[in-house]
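Each remark here refers to the structure printed beneath this line.
We did not get these values from a lab; they are worked out from the coordinates using the rules stated. Owing to the predicted nature of the structure, the values given are computational and were not obtained by experimental measurement. Ideal geometry is used to build each Cβ from the backbone, glycine not excepted, and the neighbour counts take in all protein chains shown.
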Amino acid sequence: MSLVGSGSAGEHVLSFVIGTGRCGSTLVHEVLARHPEVGFVSNLDDRYARCPGWVRRNSGAIYRRVPPRLTAKGRLRYAPSEAYSALAREVSPLLVDPFRDLLASDVTPWLARRTRAFFESRAEAEGAPAYLHKFTGWPRTGFLREIFPGTRFVHIVRDGRAVANSLVQMPWWRGHLGPEGWSFGPLPERYAREWDAEGRPLVHLAGLAWKHLIDAYGAAREALPEDAWLEVRYEDIVADPRKHLEVILEFLGLSWTHGFERGFARYSFSASRADAFRRDLTPAQVGLLDRSLGGHLERFGYQL
């Protein structure tokens with residue numbers, strides 16, 4: 001059994017949903033996990049080192065069959081996971097929280113063996129034709145593509161002002177410690193000078209984190225073949241979910257089946273939070289983010 005980018009008999013197709021974090025990638029990952037042909041790492045597998053084998057064999061089936069209230073966010077639930085605890089245990093913390101993006105040159109034979117074993121053992125146990133995982137923060141695409149040639153990536157982009165607004169509200173965000181205390185390494189010199197010139201506001205630092213990561217996503221995309229990368233804006237997905245999820249499914253080699261339709265019907269998509277940053281932040285803070293992120297925002301079609 002092997003994990004590949006485009007499948008044939010006896011093979012499982014591995015793909016990744018990626019994004020900066022606070023970008024809507026969780027919603028996309030969880031909707032796609034409703035597809036009957038998709039397998040994934042569950043949060044039970046992530047949490048418990050001795051997760052029962054029957055859970056790994058039935059991650060997708062359990063998720064698609066339990067009542068919606070047992071998979072809803074905001075409570076104890078069963079759901080797909082980024083599996084950072086399990087990856088740290090079974091692969092390496094290097095894959096979980098590196099201070100910079102991971103590249104092909106970071107792959108060692110030891111890391112490659114452990115990473116392949118992590119995903120291949122789970123894909124084989126579940127037996128799903130497609131295996132889907134999500135990473136946020138750094139892209140990691142160069143590293144992953146070196147280990148799994150041919151794998152594909154769905155990049156979810158969200159307005160950087162909305163991402164910054166969400167970050168400063170998260171209890172786990174460590175930006176209040178400054179770049180010395182977070183997990184994204186030092187700010188590039190030009191961004192550090194920009195932050196200093198503005199008096200080091202924390203909302204601005206959250207915006208610079210988005211900009212810093214988006215730069216890494218741009219470099220990662222340039223290093224991959226065009227057919228390995230699909231970029232979709234979160235705002236477009238919630239505005240017309242059926243249209244854009246059809247595009248994502250086609251990119252992943254999946255069809256819109258009756259089973260997926262049932263899972264899709266569980267979700268209510270709302271664009272109400274798209275510009276919540278204008279309510280949550282002061283006009284001066286929004287203006288600062290406009291100035292700082294303007295070039296990057298316009299590149300993705302966001303209006304200032």
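Does Arg77 satisfy the condition of being within 21 Å of Phe269 (Cβ to Cβ), assigned to a loop (DSSP other than H, G, I, E, B) and either of a type in the set (A, V, I, L, M, F, W, C) or free of Cβ contacts under 8 Å to residues at least 60 places away in the same chain (or both)?
On the way: within 21 Å of Phe269 (Cβ to Cβ): yes; assigned to a loop (DSSP other than H, G, I, E, B): yes; either of a type in the set (A, V, I, L, M, F, W, C) or free of Cβ contacts under 8 Å to residues at least 60 places away in the same chain (or both): yes.
Against the criterion (within 21 Å of Phe269 (Cβ to Cβ), assigned to a loop (DSSP other than H, G, I, E, B) and either of a type in the set (A, V, I, L, M, F, W, C) or free of Cβ contacts under 8 Å to residues at least 60 places away in the same chain (or both)), Arg77 qualifies.
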Selection count where residues are over 20 Å from Phe300 (Cα atoms) and among the charged types (D, E, K, R), scope segment 151-181: 3
Filter result for Trp195 (surrounded by fewer than 23 Cβ atoms within 10 Å (Cβ to Cβ), under 25 Å from Phe16 (Cα atoms) and not acidic (Asp, Glu)): no
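For segment 245-270, what are the residues that are exposed (fewer than 13 other Cβ atoms within 10 Å of the Cβ) and within 23 Å of Gln169 (Cβ to Cβ)?
From segment 245-270, those exposed (fewer than 13 other Cβ atoms within 10 Å of the Cβ) are 250, 255, 258, 261-262, 265, 268, 270; that's our starting set.
Hits for segment 245-270 are Ser268, Ser270.
Before we move on, is Glu180 without any contact (Cβ under 8 Å) to a residue 40 or more places away in the chain, over 30 Å from Arg116 (Cα atoms), surrounded by fewer than 20 Cβ atoms within 10 Å (Cβ to Cβ) and in contact with a Pro (Cβ under 9 Å, 6 or more places away or on another chain)?
On the way: without any contact (Cβ under 8 Å) to a residue 40 or more places away in the chain: yes; over 30 Å from Arg116 (Cα atoms): yes; surrounded by fewer than 20 Cβ atoms within 10 Å (Cβ to Cβ): yes; in contact with a Pro (Cβ under 9 Å, 6 or more places away or on another chain): yes.
Considered against the rule, which asks whether it is without any contact (Cβ under 8 Å) to a residue 40 or more places away in the chain, over 30 Å from Arg116 (Cα atoms), surrounded by fewer than 20 Cβ atoms within 10 Å (Cβ to Cβ) and in contact with a Pro (Cβ under 9 Å, 6 or more places away or on another chain), Glu180 comes out as yes.
Quick one: which helices (runs of 4 or more DSSP H) sit completely within segment 93-195 and have at least 2 residues that are more than 25 Å from Val38 (Cβ to Cβ)?
Numbers: elements: 93-96, 109-126, 141-147, 160-167.
Filter on segment 93-195 gives 93-96, 109-126, 160-167.
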Segment 100-126 - residue that is aliphatic (A, V, I, L, M) and in contact with a Phe, Trp or Tyr (Cβ under 8 Å, 6 or more places away or on another chain) and, of those, surrounded by the fewest Cβ atoms within 10 Å (Cβ to Cβ): Ala104
Residues located in segment 271-288, provided they are buried (at least 16 other Cβ atoms within 10 Å of the Cβ) and of a type in the set (Val, Ile, Thr): Val286
Matching residues in segment 40-93 - criterion: being loosely packed, with under 12 Cβ neighbours inside 10 Å and over 20 Å from Gly259 (Cα atoms): Ala49, Arg50, Pro52, Gly53, Trp54, Lys73, Gly74, Arg75, Leu76, Pro93
Failed criterion for Val238 (all others in (1) free of Cβ contacts under 8 Å to residues at least 60 places away in the same chain; (2) in contact with a Ser or Thr (Cβ under 9 Å, 6 or more places away or on another chain) hold): (1)
